Amino acid sequence: MSLSEYISSLAFPPDPFQVQAFEALARDESVLVAAPTASGKTVVAEAAIHQAIERGMRAFYTTPIKALSNQKFIDFQTLFGTNNVGLLTGDNSINGRAPVVVMTTEVLRNMIYAENQDLGDLEVVILDEIHYLSDRERGAVWEEVIIHLPSEIRIVGLSATVSNASEFRDWLASRRGDVELVHTEKRPVPLAVEYAVYDKTRDITVVEPLFGKSGNNPNPDLIRLLRKSDKRRRRFHTPRRVRMVEHLQDRDLLPCIFFVFSRNGCDEGARQVASAMRLTTAEQEDEIVRFATERTMHLDPLDLDALGFDGWLYRLGRGIASHHAGLVPAFKETTEELFTSGLVPVVFATETLALGINMPARSVVIESMSKFNGETHELLTPGAFTQLTGRAGRRGLDEQGTAVILHSPYEPIERLVPIAARGSYPLTSSFRPTYNMTVNLIANYERPRAEALLEASFGEFRRVQASQADESERAVASKRLREATASWEQLDEAARASAAVDPIKLRRTFVGNTNPGDVLQIPSADSSELMVMLARSRTSKPQMEFLTTSGKLKRIRIDDLPLEAARVGRVQLPKPFKPREDGFKRAVADSLTGWEPDRWEPVCELHPDAQMARDLRKKIAKLEKTEARYAARLRRSGASLLDQLKGSLRVLEEWGYVDGWSLTEAGS
């Protein structure tokens, strides 16, 4: 099937971003598709595969995890034919010379380094979840593939929405030639984000929108509620799992995926809910048991017993399951198919389920917005949150997807809102020559290859681009600083001196020497007005109360007193002192009739160019700070990744962990 025939065979009209990608494929260009989860990126990949097969060439489809590779293998067998699809993972090697081969990214990296002959007739590589390049542990593998894959082989990168997609495309183009960026942030199904908290005082679970009506700010109703916490005992708690399932069921928000960041937590959640409620009819339970039994018939009864088959089957029959990497493939695949079919409406899963596995739901629940990274708990990144919530909302079935964040006393809602609001996040390189990475580079690469990787990496590309941008901004700031300094030097000495005057000190001195009965001339926008001071407060920022010539009371704060204001004389205030009485006001106003100033004591004798001098002084100070900031950024980013690697090597050698490009016993 040709590319045009494949496009014509689609059961739905393609979205604009898909059309843009198809046009780039027709021009034989590489493509980077950055779009939300479940938006239809796979359609672009399938088009590229059809194009390769039609030309008698081959296509590789890489994924970050084995579970996703296994699922794509099954999907593609249905789409392209059993004999046309192969699978290469650490566990399986099936039909490796097929026209279409699904594999983990590490397998492709190893093939490239081994100069495998299977790359000879390869036309295109689809890198699914290409944003995995940011992963601290494995992200370097994606960069290695992009850098070292033969240049004639096109790449189709499928990415979540990232804020620097253009920058990433530019790096890809620098390594691969023409690359078309296809970018959309429109979710195929809108997402509503909610927050759930158990109020122990009222014994209810409160579920409210996370955001207020004004946009991406916290919901004020939630903020007010959480501030009512009882000081003697904790009032607000994480909602119980059974209550949340009941709540979602009442709102018709099943099927649902509960994301729990531990395998034990997933299993415990499934047990808790299955022991408390049933989500299936008797007929559905019979169908589930029959299907699950058939899918596990190949396993030995003794193995099934050791795997807890009876408990697993019991929970499945009640419509509840767990899903994580600790389960045998037969259990996971059975759960995936039953959930997708709608027979099992609740699954407790680890975050690996969010990595492209085709299990969309009407809603997702995120039990915790923080995750243990091996050393400490850290909040989810906006990217991780986007990945998890991408499962919520089934295209063509749901008008809206719903994501529910559960309350935790250790995760302030004010810190969660920015994570949920961002939607996209910057893609970064995992190539950073920290001490740990330096040791890994020594352990896995010859020095020339390691250095070449660093120089060609996305991280080095970003560093150079940022340095160039900073240098450009510093040059602009330097030019403007020179111009402002030249203008300053053209002012006479008196004007420059007036700019150094401290207006706060001058105002305080003036106000301190001004007494009731003093007459001030206070300038306004287009004129000036005589006012009699009646009183002043004795605070750190005093206010003065005046009576105008029209008999009105007026208060002026010290900070608002114009520097051009001046004392111009005195009048006798009537006694008794009753400034609120009309007779007092009239008497003071009448005393100004025909009154002539007898002195001139301004807040400050201003030079005609004083304001210009003050503005220039402020501008120069601001530009000096700007220039210094960019200079500091250039110093921090000036060292290339290769220079940083050499620095790490020197330190590790001093510590006795490396000897040249070899690890010592301590380093190993």
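If you filter region 602-626 down to residues that are touching a residue at least 60 places away in the same chain (Cβ under 8 Å) and charged (D, E, K, R), you find that the one that is farthest from residue 522 (Cα to Cα) is 624. Of the candidates 598, 643, the single residue that is surrounded by fewer than 17 Cβ atoms within 10 Å (Cβ to Cβ) and either within 39 Å of the chain's Cα centre (by Cα) or not assigned by TED's automatic domain parsing to the domain that holds residue 546 (or both) is 643. Look at (1) over 19 Å from residue 579 (Cα atoms); (2) surrounded by fewer than 16 Cβ atoms within 10 Å (Cβ to Cβ) and you find that residue 561 fails only one, number (2). Residues in region 466-485 that are free of Cβ contacts under 8 Å to residues at least 24 places away in the same chain and among the β-branched types (Val, Ile, Thr): 476 alone. Counting only residues that are part of a loop (DSSP other than H, G, I, E, B) and either closer than 27 Å to residue 601 by Cα or outside the structural domain of residue 521 (by TED's automatic domain parsing) (or both), region 559-585 holds 12 of them.
Residue check: is residue 308 assigned by TED's automatic domain parsing to the domain that holds residue 339, closer than 18 Å to residue 406 by Cα and out of contact with any His (no Cβ under 8 Å at 6 or more places or on another chain)? In short, no. Checking each residue in region 361-400 for being under 21 Å from residue 130 (Cβ atoms) and in a loop (DSSP other than H, G, I, E, B) picks out 380, 381, 390, 391.
Once region 24-60 is narrowed to residues that are within 22 Å of residue 387 (Cβ to Cβ) and in a loop (DSSP other than H, G, I, E, B), the residue that is modelled with the highest pLDDT is 35.
For (1) out of contact with any strand residue (DSSP E or B) (no Cβ under 9 Å at 6 or more places or on another chain); (2) of a type outside the set (Gly, Ala, Ser), each residue gets a yes or a no:
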{"position": "434", "(1), (2)": "yes, yes"}
{"position": "439", "(1), (2)": "no, yes"}
{"position": "446", "(1), (2)": "yes, yes"}
{"position": "485", "(1), (2)": "yes, yes"}
{"position": "495", "(1), (2)": "yes, no"}
{"position": "514", "(1), (2)": "no, yes"}
{"position": "525", "(1), (2)": "yes, no"}
{"position": "541", "(1), (2)": "no, yes"}
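The set of residues from region 34-49 being of a type in the set (D, E, K, R) and crowded, with 24+ Cβ neighbours inside 10 Å comprises just one member, 41.
In region 24-56, of all residues being of a type in the set (S, T, N, Q) and within 21 Å of residue 186 (Cα to Cα), the one that is farthest from the chain's Cα centre (by Cα) corresponds to 42. In region 265-287, how many are closer than 19 Å to residue 364 by Cα and among the polar types (S, T, N, Q)? Of the residues in region 265-287, 1 are closer than 19 Å to residue 364 by Cα and among the polar types (S, T, N, Q). If you check residue 283 against the conditions, is it surrounded by fewer than 22 Cβ atoms within 10 Å (Cβ to Cβ), under 37 Å from the mean Cα position of the chain (by Cα) and acidic (Asp, Glu)? Judged against the criteria, residue 283 is not a match. Residue 344 meets the conditions (1) buried (at least 21 other Cβ atoms within 10 Å of the Cβ); (2) in a helix (DSSP H, G or I) in every case but one. The failed one is (2). Restrict the check to region 369-383 and report whether at least one residue is closer than 20 Å to residue 241 by Cα, touching a residue at least 60 places away in the same chain (Cβ under 8 Å) and surrounded by 14 or more Cβ atoms within 10 Å (Cβ to Cβ). For region 369-383, residues closer than 20 Å to residue 241 by Cα, touching a residue at least 60 places away in the same chain (Cβ under 8 Å) and surrounded by 14 or more Cβ atoms within 10 Å (Cβ to Cβ): present.
Going by the conditions given, is residue 132 assigned by TED's automatic domain parsing to the domain that holds residue 242 and either surrounded by fewer than 23 Cβ atoms within 10 Å (Cβ to Cβ) or not in a strand (DSSP E or B) (or both)? No. Scanning region 574-591 for residues that are touching a strand residue (DSSP E or B) at 6+ places or on another chain (Cβ under 6 Å) and either without any contact (Cβ under 8 Å) to a residue 12 or more places away in the chain or of a type in the set (A, V, I, L, M, F, W, C) (or both) yields one hit, 588. Taken over region 167-180, the criterion of being farther than 13 Å from residue 425 by Cα and in a helix (DSSP H, G or I) is satisfied by 169, 170, 171, 172, 173, 174, 175, 176. Which one is nearest to residue 141 (Cα to Cα), of the residues in region 94-128 that are in contact with a His (Cβ under 9 Å, 6 or more places away or on another chain) and of a type outside the set (A, V, I, L, M, F, W, C)? Ranking the candidates gives 109 first. Checked against (1) under 35 Å from the mean Cα position of the chain (by Cα); (2) modelled with pLDDT under 90; (3) not small (Gly, Ala, Ser), residue 1 passes all but a single condition, namely (1).
The residue list 432, 394, 463 contains one member that is modelled with pLDDT under 85, crowded, with 16+ Cβ neighbours inside 10 Å and out of contact with any helix residue (DSSP H, G or I) (no Cβ under 8 Å at 6 or more places or on another chain), which is 394. One residue alone among 591, 537 is over 15 Å from residue 519 (Cβ atoms) and surrounded by 12 or more Cβ atoms within 10 Å (Cβ to Cβ), and that residue is 537.
Condition (residue is touching a Gly at 6+ places or on another chain (Cβ under 8 Å), closer than 30 Å to residue 140 by Cβ and among the hydrophobic types (A, V, I, L, M, F, W, C)) applied to region 25-32: is it met by at least one residue? Yes, some residue in region 25-32 is touching a Gly at 6+ places or on another chain (Cβ under 8 Å), closer than 30 Å to residue 140 by Cβ and among the hydrophobic types (A, V, I, L, M, F, W, C). Is there any pair with a first residue in region 158-173 that is modelled with pLDDT of 90 or more and a second that is in a loop (DSSP other than H, G, I, E, B) and of a type in the set (A, V, I, L, M) whose Cβ atoms are under 6 Å apart and which are 6 or more apart or on different chains, and what are they? Close Cβ pairs satisfying both conditions: 168/427.
Looking at region 656-668, which of its residues are surrounded by 12 or more Cβ atoms within 10 Å (Cβ to Cβ) and assigned to a loop (DSSP other than H, G, I, E, B)? Passing the criteria: 657, 661, 664, 667.
The values are calculated or read from the model by the stated rules, or taken from the named source; none is laboratory data. What you see is a predicted model; the values in this text were computed from it and never measured. As a convention, Cβ positions derive from the backbone with ideal geometry for all residues, glycine included, and neighbour counts pool all protein chains shown.
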